[in-house]
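Let me begin by presenting the structure, written as structure tokens, before commenting on it.
The values are calculated or read from the model by the stated rules, or taken from the named source; none is laboratory data. Fair warning: this is a prediction, and the values are worked out from it, not measured in the lab. FYI the Cβ positions are ideal-geometry reconstructions off the backbone, even for glycines, and counts take in every protein chain you see.
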Amino acid sequence: MRLLHVATEIFPYVKVGGLADVLAALPAAQRALGADARVLLPGFPALLQGIPGLEPAGATPDLMGLGPARFLLGRTGTGVPIYLLDCPALYDRPGGPYEESGDSHRKFGSLAWAAAALATAGDAGGWRPDLVQAHDWQAGLVPLLLAQPGGPRPRTVMTIHNMAYQGLYPRTLLAELGLAPGCFNPGGVEFYGKINFLKAGIAYADRITTVSPTYAAEIQLPAGGAGLDGLLAQRSRDLTGILNGVDYHVWSPSSSPHLEIHYDAKLLSARKINKNLLQRAMGLDEVADTPLFAVVSRLAEQKGLDLVLENVAYLVQLNAQLLVLGTGAPELEAGFHAAALSHPGRVAVDLGFDEGLAHRILAGADVVMVPSRAEPCGLTQLYALRYGALPLVRRTGGLADTVVDADAQSMMDGTATGFVFKEPNPWILGETIGRACQLYRQDPRAWVRIQRRGMAQDFGWAASAREYLDLYGRLLG
């Protein structure tokens, strides 16, 4: 089975969010199961410089009026074949992959046209995919282009990683994108008078997937569908939720190069050393028996971090500590910065992102909070489970699918793995923080049992990769 993933991020070369981790791990896991999975990305400088041994693998004579562009083929560090669309006019720029320069429709429309060309004509060596999987709105035009009448084409899967981002552009760009006027209708790319890249993918793909079963249900309702719930509900038979996985070669407390002290579920006492080192490095009081709560996240209202901010004083009142790593909304950055100044030794904030520090926080924190208002899958809670930090999450999307609340029933039957609350309300979050502090102090043996249960959970990519291959197999017959 020959598979082509089309996306815009891949760890460790270009990363903005969890999509990069997915593209680094899923194709590799599928290859381990026997599929010939490859990826196509724009030729961003970090990729052109980071992928060794790139060789020409084909060309497109005229890419959206920009002249010829070529495909370069190399391999990632995990051995996955990767095609880069070499078009300097679009991709050789400073800034991140989504930096807006007024022509993002061309950046990602060109990616879609190139993907369609590679998928139908194949590369210079004759390789052509049986199936193309388009990831998020930036690749949303791929299913539309491949659905046009013509010769044989591969089957298509549209994967939604986050409904909040859809790629909206004026109708006047239809011709510039090379799209036929007939596709601009309520059943096609039209969305309140604009072109919608994500809608194009949903409308024209043979199958649709998203990154957790609960999120698949949520996006078919007005509250979660971001205006596309009706279309998704119409296509519910073609929609599947498959949980993202974790690359345990990268996220492992027994081998992470970012940790001074390694440990596993049998040696949990080593976490106390990591906690002490973390407290010292971040300027927190070095108190072993104080519960340390942490946030590792983009600072955004969608992530529910305003709820955390409203609970800072309560956390301090409970004689707990808070450590925040992230960047994002200026008002949230300012709020957490002010909280750290008001509570020295109890609250610490690093307004940025540091991959190594993220590992050290997971290895030293007692509780990792992911109180999202919406969370398609979430990876932080999966990392926390493996590192023995109890996740505290809201019951939504993939958070609901991966964390079992430590209530009376789950404590009795031995299934608890963290703390879960339902309503996105600061009072409800505060009550859950209180429950966590109480269990931490009053029943340390139960706390360790939950830690070990969480560390034993297997959210590796092998299971998810099998689910995708099963879906592809049904689609391909």
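Collect the residues in the range 63-119 that are crowded, with 19+ Cβ neighbours inside 10 Å, hydrophobic (A, V, I, L, M, F, W, C) and within 17 Å of residue 45 (Cα to Cα), keeping them in residue-number order.
69, 71, 72, 73, 82, 84, 85, 87, 90, 108, 111
Give the range 149-184 a look and list any residue that's within 18 Å of residue 228 (Cβ to Cβ) and in a loop (DSSP other than H, G, I, E, B), or say none.
161, 162, 163, 164, 165, 166, 167, 184
Which of the following residues is surrounded by fewer than 17 Cβ atoms within 10 Å (Cβ to Cβ) and hydrophobic (A, V, I, L, M, F, W, C): 281, 203?
Details: 203 fails: surrounded by fewer than 17 Cβ atoms within 10 Å (Cβ to Cβ).
Result: 281 is the single residue among 281, 203 that is surrounded by fewer than 17 Cβ atoms within 10 Å (Cβ to Cβ) and hydrophobic (A, V, I, L, M, F, W, C).
Which one of 40, 23 is part of a helix (DSSP H, G or I), surrounded by 23 or more Cβ atoms within 10 Å (Cβ to Cβ), assigned by TED's automatic domain parsing to the domain that holds residue 77 and of a type outside the set (Val, Ile, Thr)? I'd like the intermediate steps shown before the answer.
Details: 40 fails: part of a helix (DSSP H, G or I).
From the options 40, 23, the qualifying one is 23.
Which residues, taken from the range 185-237, are among the aromatic types (Phe, Trp, Tyr), in contact with a Leu (Cβ under 9 Å, 6 or more places away or on another chain) and assigned to a helix (DSSP H, G or I)?
If we filter the range 185-237 for residues that are among the aromatic types (Phe, Trp, Tyr), which is where we start, we get 191-192, 197, 204, 215.
From what is left, the residues that are in contact with a Leu (Cβ under 9 Å, 6 or more places away or on another chain) are 191-192, 197, 204.
Once the filter is applied, which keeps residues that are among the aromatic types (Phe, Trp, Tyr), in contact with a Leu (Cβ under 9 Å, 6 or more places away or on another chain) and assigned to a helix (DSSP H, G or I), the range 185-237 yields 197, 204.
If only one of 235, 271 is within 30 Å of residue 189 (Cα to Cα) and either of a type in the set (Gly, Ala, Ser) or in contact (Cβ under 8 Å) with a residue 24 or more places away in the chain (or both), which one is it? Full working, then the answer.
Values: 271 fails: within 30 Å of residue 189 (Cα to Cα).
Testing whether each residue is within 30 Å of residue 189 (Cα to Cα) and either of a type in the set (Gly, Ala, Ser) or in contact (Cβ under 8 Å) with a residue 24 or more places away in the chain (or both) leaves just 235.
Where in the range 360-430 are the strands (runs of 3 or more DSSP E), entirely inside, with at least 1 residues that are out of contact with any Ser or Thr (no Cβ under 9 Å at 6 or more places or on another chain), under 21 Å from residue 446 (Cβ atoms) and in contact (Cβ under 8 Å) with a residue 24 or more places away in the chain?
Values: elements: 367-370, 390-394, 419-421.
By residue number, 367-370.
Out of the residues in the range 120-149 that are under 23 Å from residue 45 (Cβ atoms) and of a type in the set (Asp, Glu), which is farthest from the chain's Cα centre (by Cα)? Don't jump to the end; show me each part of the working.
First, pick out the residues of the range 120-149 that are under 23 Å from residue 45 (Cβ atoms): 123, 135-139.
Now narrow it down to the ones that are of a type in the set (Asp, Glu): 123, 136.
Details: 123: 29, 136: 11 Å.
Among those that are under 23 Å from residue 45 (Cβ atoms) and of a type in the set (Asp, Glu), it is 123.
I'd like to know if the range 331-346 contains one or more residues that are in a loop (DSSP other than H, G, I, E, B), under 29 Å from residue 422 (Cβ atoms) and under 21 Å from the mean Cα position of the chain (by Cα). Lay out the reasoning, then the answer.
Narrowing the range 331-346 to residues in a loop (DSSP other than H, G, I, E, B): 343-346.
From the residues that got through so far, the ones that are under 29 Å from residue 422 (Cβ atoms) too are 343, 346.
Then drop every residue that is not under 21 Å from the mean Cα position of the chain (by Cα), which leaves none.
No, the range 331-346 has no match at all.
Report whether or not residue 289 is surrounded by fewer than 22 Cβ atoms within 10 Å (Cβ to Cβ), out of contact with any Cys (no Cβ under 6 Å at 6 or more places or on another chain), over 24 Å from residue 397 (Cα atoms) and not assigned by TED's automatic domain parsing to the domain that holds residue 223.
Working: surrounded by fewer than 22 Cβ atoms within 10 Å (Cβ to Cβ): yes; out of contact with any Cys (no Cβ under 6 Å at 6 or more places or on another chain): yes; over 24 Å from residue 397 (Cα atoms): yes; not assigned by TED's automatic domain parsing to the domain that holds residue 223: yes.
Yes.
Given (1) of a type outside the set (Phe, Trp, Tyr); (2) buried (at least 21 other Cβ atoms within 10 Å of the Cβ); (3) at pLDDT 95 or above, where does residue 246 come up short, assuming only one miss?
Tallying (1) of a type outside the set (Phe, Trp, Tyr); (2) buried (at least 21 other Cβ atoms within 10 Å of the Cβ); (3) at pLDDT 95 or above, residue 246 fails exactly one: (3).
How many of the residues making up the range 431-477 are assigned to a helix (DSSP H, G or I) and within 30 Å of residue 27 (Cβ to Cβ)?
First, pick out the residues of the range 431-477 that are assigned to a helix (DSSP H, G or I): 431-442, 444-456, 461-476.
This time we only want the ones that are within 30 Å of residue 27 (Cβ to Cβ), so: 454-456, 461-476.
The qualifying residues number 19.
Determine which single condition residue 324 fails, assuming it passes every other condition in (1) more than 21 Å from residue 427 (Cβ to Cβ); (2) free of Cβ contacts under 8 Å to residues at least 60 places away in the same chain; (3) not charged (D, E, K, R).
Of everything listed in (1) more than 21 Å from residue 427 (Cβ to Cβ); (2) free of Cβ contacts under 8 Å to residues at least 60 places away in the same chain; (3) not charged (D, E, K, R), residue 324 misses just condition (1).
Need the failing condition index for residue 357 against (1) buried (at least 22 other Cβ atoms within 10 Å of the Cβ); (2) more than 22 Å from residue 440 (Cα to Cα); (3) touching an Asp or Glu at 6+ places or on another chain (Cβ under 9 Å); (4) not acidic (Asp, Glu), just the number.
Condition not satisfied by residue 357: (1).
Residue check: is residue 57 in the same structural domain as residue 125 (by TED's automatic domain parsing) and part of a strand (DSSP E or B)?
yes
Yes/no matrix, rows are residues, columns are (1) charged (D, E, K, R); (2) touching a residue at least 24 places away in the same chain (Cβ under 8 Å); (3) touching a helix residue (DSSP H, G or I) at 6+ places or on another chain (Cβ under 9 Å):
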position: 78; (1), (2), (3): no, yes, yes
position: 94; (1), (2), (3): no, no, yes
position: 98; (1), (2), (3): no, yes, yes
position: 119; (1), (2), (3): no, yes, yes
position: 139; (1), (2), (3): no, yes, yes
position: 155; (1), (2), (3): yes, yes, yes
position: 159; (1), (2), (3): no, yes, yes
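Tell me, yes or no, whether the range 320-328 has at least one residue that is of a type outside the set (Phe, Trp, Tyr) and on the phi > 0 side of the Ramachandran plot. Quick ask: steps written out before the conclusion?
First, the residues of the range 320-328 that are of a type outside the set (Phe, Trp, Tyr): 320-328.
Retained after the next criterion (residues that are on the phi > 0 side of the Ramachandran plot): 326, 328.
Yes, the range 320-328 has at least one match.
Results for (1) closer than 25 Å to residue 26 by Cα; (2) acidic (Asp, Glu), shown as yes or no for each residue.
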residue	(1), (2)
55	yes, yes
93	no, no
113	yes, no
135	yes, no
